[in-house]
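In what follows, a structure is listed as structure tokens, so that the remarks can point back to it.
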Amino acid sequence: QVRLVESGGGSVQPGGSLRLSCAASGSISNFDTVGWYRQAPGQERELVAFIFNTGSTTSPGSRKGRFIVSRDNDKNMIYLQMNSLQPEDTAIYFCHARAGAGGTAVWGSGTQVTVSS
């Protein structure tokens, strides 16, 4: 039933910032884990950041302090604030939601982020 639609992608110079938004067509309160993955050409899809209903977050060490994930259950929105962007961050970014450990995953269709001079 729930669909995820990303927005906010685009092109930015190194050192710049972007904010990605993910709008859900229904309630996200039943999804314990929501957040973002990304995939560059020829690469495997990798985790960017998760946020749980408790407010706790998970992100690889290299992205801590640069990427900030948040959620608004009242508005059914998931956000990713990206700062100090580098060319290595260029990828398609996918919104993701999961009911719990081993639960069913829901994916958005992705939004392109390009970081270059």
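The values are calculated or read from the model by the stated rules, or taken from the named source; none is laboratory data. Every value quoted in this text rests on a predicted model; they were computed, and no experiment measured them. We place every Cβ from the backbone using ideal geometry, glycine too, and count neighbours over all the protein chains shown. Side chains are part of the model used for accessible areas, which takes the heavy atoms of the whole protein and leaves out ligands, DNA and RNA. Shrake-Rupley method; radii C 1.70, N 1.55, O 1.52, S 1.80 Å.
Just a few scattered comments:
- Restricting the stretch 9-95 to GluC sites (Glu not before Pro) in coil, as DSSP defines it, with at most 14 other Cβ within 10 Å: Glu44
- Eigenvalues of the alpha-carbon gyration tensor of the chain, scaled by 5 and square-rooted, set the equivalent ellipsoid semi-axes at 23, 14, 13 angstrom, largest first.
- Relative to the current alpha-carbon distance between Thr114 and Arg45, full extension at 0.36 nm per residue lengthens the span by 23.2 nm.
- Per residue Cα convex hull volume in Å³ - calculated over the stretch 46-89: 81
- Modelled label positions at Ser56 and Arg19, each set 7 Å beyond Cα in the direction of Cβ, lie 2.7 nm from each other.
- Surface composition of the chain: carbon plus sulfur atoms hold 47% of the accessible area, using a 1.4 angstrom probe and ignoring ligands, DNA and RNA.
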